[in-house]
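Every read-out reported here was derived from the displayed coordinates using simple, explicitly stated rules and does not represent laboratory data. Here the structure is a predicted model, which is why all the values come from computation and not from measurement. Cβ sites come from the backbone with ideal geometry, for glycine too, and all protein chains shown count toward neighbours.
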Amino acid sequence: MRDLTLYDPFERMQFTDTNCFLCGTIITTEHRAPVFGEWLQQKYNLKQKELLMLDKSITTFGQLSIPCCDRCHTHYLMPLEHEVEQAAGKGLEGLQALPPQRLFQWIGKMYYGSLVTELIKEAAPLVMPQYAVSEDPAMLGKFRSFFQVLQSLRVPMEFSDFLPCSLFLLEVSPTEDELPFEYQDELKTMAFSIKLGPVAIICTLLDNGIIKKALGRLLQATEGKQLHPIQLAEFKARVFYAAYIFNVVPEYFIRPVKPEDDHLVLDTLIDDVTNEIFNPWEMPAYAHMLEEMLKPWSIREQQILQDPQRPLSFLLDDNNQFKPMERYEKIG
Ligand SMILES: [Zn+2]
């Protein structure tokens, strides 16, 4: 019989450098796995690239690693990295062909890696972060749900009729694309994006695909189109903002396991009776998010909200149709 037991580090807040992040096994401090796969670091020259942490400290992509036992490293993380590397080598098509659950696990591992680093730091006696993740019960509940589904990395798991995230795969037009690699994640809203050459993957974790459904019109309009980098930035702003106002946490339930079972089956439930799924859309808050994303083009909030009913868009025209853009011309 296969061991289908899940590990729950949240029960006793077991975030240390001597527990494998994935299975909890006691390890020594030399046993670690990189949060960003070696191939990724090499391909995009990330080793020395700086990364800003939640507590405003700075690390590098190369330095960020998580406690991980040899077994989880060899059996679960390395095959996953290898699969994604192969797929990414074939560009958009390759990544589209990858089972979405694998992409979820890959993104989830990087996201969780940053989170675990934060939680281990907060457990140190003298650290007093401005915002302590570990002291926010609602956030911890969310992370706990997330870790349950992330364990599909180790324990075979079938999600009955859902994917625990929304995935957006986009292609960027080469004409004015100067960034081979880009990375962004937001611990609290669980929004994530990574750009690998011409392909951008944007993901909102733990929304059961609801954000993707909600952005259906945008998806339809941009399907099969190459986006200018500024259009990608706007796309990200829309997804990240949706994650920001997303207001529910899915619950996951494991079906009873029979002795002959070789995997777990998970069902999900979203309580949309007690809570609205989305908080109301607030234009100034969205404009602020868009301004953040558009920083490289120095576009300010006033320009975005010149027509307060229709915020500036590089993606869609007044009829919600895609606006093709080859080159960006500075707006006045
Ligand atoms: Zn392990």
Quick calc of log₁₀ I(q)/I(0), segment 161-332, Debye, one scatterer on every Cα, no solvent, q values 0.11, 0.13, 0.16, 0.17 1/Å, result -0.52, -0.69, -0.99, -1.09
Here, segment 97-188 modelled as identical Cα point scatterers in vacuum has Debye log10 I(q)/I(0) at q = 0.16 Å⁻¹ of -0.83
When GLU135, GLU260, GLU182 are arranged by how many other beta-carbons sit within 10 Å of their Cβ, fewest first, they go GLU260, GLU135, GLU182
Of the residues TRP106, ALA123, LEU163, the Cα lying farthest along the dipole of the chain towards its positive end, which is defined by charges on the beta carbon of Lys, Arg, Asp and Glu, belongs to TRP106
Between the residues TYR183, GLN220, ASN319, the Cα farthest towards the positive end of the dipole of segment 161-332, that dipole coming from +1 and -1 charges on the beta-carbon of Lys, Arg, Asp and Glu, is from ASN319
The distance between the Cα centres of segment 22-46 and segment 292-332, in whole Å, is 39 Å
Treating only Lys and Arg (+1) and Asp and Glu (-1) as charged, each at its beta carbon, one finds that segment 1-159 has a dipole about its Cα centre, in Debye to the nearest 20, of 200 debye
Sorted largest first, the Cα spans of segment 246-290 on the principal axes come out in Å as 55, 25, 7
With label points set 7 Å from each Cα along the Cα-to-Cβ direction at THR16 and PHE278, the distance between them in nm comes to 4.5 nm
Total charge of the residues flanking LYS295 in space, meaning their Cβ is under 15 Å from its Cβ, with Lys and Arg +1 and Asp and Glu -1, is -3
quick shape note, the chain: Cα extents on principal axes in Å, largest first -> 62, 48, 43
Ranking SER193, PHE235, LEU64 by how far each Cα lies towards the positive end of the charge dipole of the chain (+1 on Lys and Arg Cβ, -1 on Asp and Glu Cβ), the top one is LEU64
Answer in debye to the nearest 20: the dipole magnitude of segment 65-222 about its Cα centre, from +1 Lys/Arg and -1 Asp/Glu charges placed on Cβ, is 460 debye
For segment 223-281, averaging the sequence separation of alpha carbon pairs under 8 Å that lie six or more residues apart and dividing by its residue count, the contact order in percent is 37 percent
Output ordering of 26-37, 10-21 (per-residue mean of other Cβ within 10 Å, highest first) is 26-37, 10-21
Helix-only [θ] at 222 nm, the chain, -39500 (n - 2.57) per DSSP H run of 4+, per residue, nearest 500, equals -9500 deg cm²/dmol
Toy charge model, Lys and Arg Cβ at +1, Asp and Glu Cβ at -1: the chain dipole around Cα centroid in debye, rounded to 20, equals 380 debye
Ranked output for segments 235-247, 297-309, 57-69 by mean other Cβ atoms within 10 Å, highest leading, reads 235-247, 57-69, 297-309
Per its Cα gyration tensor (rounded if a/c is under 1.5, else prolate when a/b beats b/c, else oblate), segment 1-159 is best filed as oblate
